[in-house]
Each structure stands twice: as C-alpha cells, then as structure tokens.
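A quick write-up on the structure given underneath.
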Amino acid sequence: MTTSPGATAATGTRRKARTALVVGGGVAGLTAARDLAAAGLRVTLVEADDHFGGAVGAHEVAGLVLDSGAESFATRSDAVPQLLEDLNLSDRVVSPNPAGSWLYLPEGAMPAPNTGVLGIPADPAASSLRPALGRSGIARARMDRMLPASVGAGEKSLGSLVRARLGARVLERLVTPFVSGVYSTHPDELDVDAVAPGLRAGLREHGSLCAAAGALRAKSPAGANVASLDGGMNQLSERLVRDVESRGVKIVTDYDVIALDRDPRRPGWMVIQRQPQNGDKTAVARGELLVMAADGPTTVRLMGGHLPDSQRYSPKPGPRVALATLVLDCPDLDGAPRGTGLLVSSDVEEVRAKALTHSSAKWAWVQREAGEHRHVLRLSYGRADAGSDTVPPEVALPDGHLISLAISDARTLMGVHIGPEQLVGADVVRWHTALPRTDVGHSKRVNDFRRAIKDVPNVIAVGAWLSGTGLAAVVADTRQQVAKLLRNHGYETPAQRD
C-alpha cells in the first residue's frame, strides 16, 4: 500500500508533521520560520548569503548605521504593524516628514502631486499638476472622467492603461518617474495587476482611472502612507533573527542549495548544498514541511522536478540596482530644498540617477544621529528603458566612479553646491535579485504557479515575486500562506487560539 508523505504504514492516516525546512532568509523566510516555530515545529532555515534579511539590511557610513535597502513600509494594511507588535517594536514606529517629494523634469525641479497611486493623480484638475503637465496635459487627463469605463480596461501594462485613460503626458511626467524610481521598470513593461491589484476593478467600479487611484490611496490610514522605525527598518531583520533563534530555529548561512528532493528515508523534503571548501562534499537539511522563500527564478528551478512544465512559471531575473549613499557636511541642505527627495524623469539627460532620497530630511532619527549641518542623501541608479534588458551603464561603474557621479547628480538635483570636499563618507550597495521583475504576464505566471504548487504535498512558496513588492505585501502573504499550511496539518494558528 502506498501512503502519502506524513502517513503511517500501519494505518494510512496522516501523522502530524513535526519539522519544517525554510529555504531563504529574507524577511519572508524569517517570518515563515518564526510562525512555524511558534506553532511548535522544529525548524531549519538555510540562506545562501552570509547574512539574513535580504533587502532589509544595514550598512555603516561615516559612523552612521543606515538602511542599505528598504527604508519604510506601506501603511495600507496592518500586516507589518502587527508583526512589529509581535516583535515588541511598535514603540519605534515613526512617520516621515510630511513635506513630500519632488519631481525632476527637463524643465527642472517641482513638487510632486501627493494624491493617487503610482504617480496616477486622484484629481487631474489639481492646480499642483499644472507645472508638470501644462494646460494641454491637464485637459487630456480630465477626459478620463468622460471616457467610457471600457477604454483601457483590457490593457495589461500600467503604461498602456495610463496612456489610454490619461494621455502620454501624465504617463511620461508623473507615472514613469515614480515607476522607474520604485520598480526600476518602465510602465509599458509593468504588469498592472501585479503592482496595483484592484486598479482595473476600480476603473470598472468608478468609471475613472483617477477615481480608482484615489480610492486605493484612501484605503491607507490618514496621514503618511508609509512609516519606518526609529533607527531604520534593518531592525526588523535583526529582531526577527533574534526571535527565531530564541524559538530554537536552526539557521545556517552560506548554504547555497543545489538540489531539492523528497527525502527517501523519511517523510518530507531535503535540500543539498555543495561545500567547495570541504572538497565538494555535500550537506543535507531536512524538513517534513517545506517553505520556499527564495527569489522566483531560484524557486522555480529547484521545484522544477516536482512541477509539470515548470519553466512557464519562471519570472525574469530582477533589475540590477545600485544605491549610492552620501554623508555630507552641507549647511545649504538644512532647509530641505527638495522636500524628502526627488524622482527623476527618464527624459532628463544631465542626471543619471533615477531617484534621490534626502534621508536626513525625510526621517528625524537620521538627522538626529547625523548631527547639525550634516546630511544623508541616497541616490538610486538603474534606469529602465522600455524593451531593454541590458545592465544600465551606471550600475556597472566601480564604486569610486559611481560615488563621484552621485555627488555631481546630487548637486544638480538639489540645486545647491555639493562638492567632493563636503563628503564625509560614502558607500555603494548593489542589488541583483532584491526586486522581482513584474513584467506583463507576471500575475498570470504567479497564479498558475500557485495553482500548480497546491498539488505538491507539504510545500508552499512565498516572497516578493509572488506577493508583490513591498514589506506590507510580503509579510501579509507570507503569514497567510504559513497559516494555511499549519491548518492543513492540524496546527492552530494565532487567530484560532485567540
């Protein structure tokens, strides 16, 4: 008689799983490991890098410990606040400076509209849009409320949808700078359902794309639509690591998985790591339940032998991004001349950065730690050109050259003198797989993958490539998926216990 994994040969009934294996030590993997351990399972977590947290990490620049990746979380849901409360970090939640960000267009710098989502304005007639759009651009955008709801409803890319409803000027001057700065992707290549679930449904409901964007924005709590932690979001990763260690989770770094398979000797799964430093010997980690929390291409590759036609689910590799952080002695920046930072139009030729964050103006804790007249700027490189998969030349520059470019770009964007003599310290952080590439068709591949993996026993997959970019999406989806896995194996979730 053949029995399912976890069943006993004597009875054929399911034995309650006692162990779990998590592959990937980013926030999704750490959160999954925490919830599995909290339910009473013995958990092993393996991570290919030498550190945990993925894109939520820290680096030291001029004596300041700063975020090296994600610096905030969206407040549109309670997923991250609930996790922070569970980790006793709620008292450290802070809001950004409400001054808001600016745009840098070919004409120069101007305040960015502060309504809507993804650069789509909630009110296309707002006077604040006139400098960016001009009268003709505003007139075209206002047509959105008069067009039938069917116009653009079938478009798959964000760019095509915005162009159909609001015109090219809104797309080029508002949406593209936002999307390029946040997603390192051109709107024409961005799957609208992947980055803005509900936007097309909102168009059908409200008959207007601007109204749909306003409705999505209204779902965020009053005030700022992002928040962070005093001391940086890197504390989330650090606290998660300490928490899972306290729960007995076995965590292993530098564990580059080369194979994933069923365990032939016991119920469940095993992963194999090659150890070149030990004569190419292999190490094996096991678990009855499996959580794949690696990036999309890695997850599909490792799961390939257990999914039919697996390659059709595989996402493209994520965009390559470089972040150049500058710490400057520059009193001219004390007045935050560009608010909390700028998003840069791809039509701007004299600047190569796609975005600049004035971190010491955006976050009071950074200014406090930096001290008087000292400022922290973070410039993001990796502009996305529609139809191109080539690595942006700025990303390929050596660190020293990129820092020099960042100083020059900062001077232009901020409109004040910034020179090498004012530089106190700098660092470059490069991300290759931190952002998933949510190109057109991505949401369908995700849905197909999740349907397929349901047929594979005792395994789930989590991460930004499945949930959508941003901590709010990642945390919410991870905890939901883990809760389902636990319930399917007879464990109570926190909601059931409460």
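The values are calculated or read from the model by the stated rules, or taken from the named source; none is laboratory data. Given the structure is predicted, the values throughout are model-derived calculations rather than measurements. Cβ coordinates were reconstructed from backbone atoms using ideal geometry, including for glycine residues, and neighbour counts include every protein chain displayed.
Details
- Residue pairs whose Cβ atoms lie under 9 Å apart, separated by 6 or more positions or on different chains, with the first residue in segment 129-155 and in the same structural domain as residue 202 (by TED's automatic domain parsing) and the second β-branched (Val, Ile, Thr) and assigned to a loop (DSSP other than H, G, I, E, B), are 144/151.
- Residue check, residue 95 under 30 Å from residue 251 (Cα atoms) and either surrounded by fewer than 21 Cβ atoms within 10 Å (Cβ to Cβ) or touching a helix residue (DSSP H, G or I) at 6+ places or on another chain (Cβ under 8 Å) (or both): no
- Residues of segment 240-266 satisfying the condition of being surrounded by fewer than 19 Cβ atoms within 10 Å (Cβ to Cβ) and under 17 Å from residue 289 (Cβ atoms): 247, 248, 250, 261, 262, 263, 265, 266
- Here segment 1-31 is the region considered, the condition is being in contact with a Leu (Cβ under 7 Å, 6 or more places away or on another chain) and assigned to a loop (DSSP other than H, G, I, E, B), and the residue that is modelled with the highest pLDDT is 25.
- Single match in 345, 310 (criterion: in the same structural domain as residue 260 (by TED's automatic domain parsing) and of a type in the set (Ser, Thr, Tyr)): 310
For every residue, the table says whether it meets (1) at pLDDT 95 or above; (2) surrounded by 15 or more Cβ atoms within 10 Å (Cβ to Cβ); (3) within 30 Å of residue 455 (Cβ to Cβ); (4) of a type in the set (S, T, N, Q).
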site: 325; (1), (2), (3), (4): yes, yes, no, yes
site: 358; (1), (2), (3), (4): yes, yes, no, no
site: 361; (1), (2), (3), (4): yes, yes, no, no
site: 364; (1), (2), (3), (4): yes, no, no, no
site: 374; (1), (2), (3), (4): yes, yes, no, no
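- Residues (touching a Pro at 6+ places or on another chain (Cβ under 7 Å) and outside any strand (DSSP E or B)) located in segment 91-118: 100, 113, 115
- Index of the failed condition, residue 179 passing every other in (1) touching a Phe, Trp or Tyr at 6+ places or on another chain (Cβ under 8 Å); (2) surrounded by 20 or more Cβ atoms within 10 Å (Cβ to Cβ); (3) aliphatic (A, V, I, L, M): (1)
- Exactly one residue out of 172, 155 is in a helix (DSSP H, G or I), acidic (Asp, Glu) and more than 18 Å from residue 217 (Cβ to Cβ): that is 172.
- Residues that are more than 27 Å from residue 352 (Cα to Cα) and not aliphatic (A, V, I, L, M) do not occur anywhere in segment 96-117.
- Test: residue in segment 40-53 that is at pLDDT 95 or above, in a strand (DSSP E or B) and surrounded by fewer than 23 Cβ atoms within 10 Å (Cβ to Cβ): yes
- Count of segment 177-224 residues, restricted to those that are outside any helix (DSSP H, G or I) and modelled with pLDDT of 90 or more, is 2.
- The single condition from (1) within 28 Å of the chain's Cα centre (by Cα); (2) under 25 Å from residue 489 (Cβ atoms); (3) of a type in the set (A, V, I, L, M, F, W, C); (4) in a strand (DSSP E or B) that residue 284 fails is (1).
- Among the residues making up segment 306-332, those that are out of contact with any strand residue (DSSP E or B) (no Cβ under 6 Å at 6 or more places or on another chain) and either in a strand (DSSP E or B) or hydroxyl-bearing (Ser, Thr, Tyr) (or both) are 310, 313, 314.
- For segment 389-413, a tally of residues being over 14 Å from residue 352 (Cα atoms) and modelled with pLDDT of 95 or more returns 3.
- Single condition residue 328 does not satisfy, out of (1) under 26 Å from residue 57 (Cα atoms); (2) within 25 Å of the chain's Cα centre (by Cα): (2)
- Residue count for segment 54-74 satisfying the condition of being surrounded by fewer than 20 Cβ atoms within 10 Å (Cβ to Cβ) and part of a loop (DSSP other than H, G, I, E, B): 2.
- Tally of residues being under 26 Å from residue 456 (Cβ atoms) and either of a type in the set (D, E, K, R) or under 27 Å from the mean Cα position of the chain (by Cα) (or both) across segment 245-264: 13
- Spans of helices (runs of 4 or more DSSP H) in segment 388-498 with at least 2 residues buried (at least 18 other Cβ atoms within 10 Å of the Cβ) and under 26 Å from the mean Cα position of the chain (by Cα): 399-414, 442-453, 464-467, 471-488
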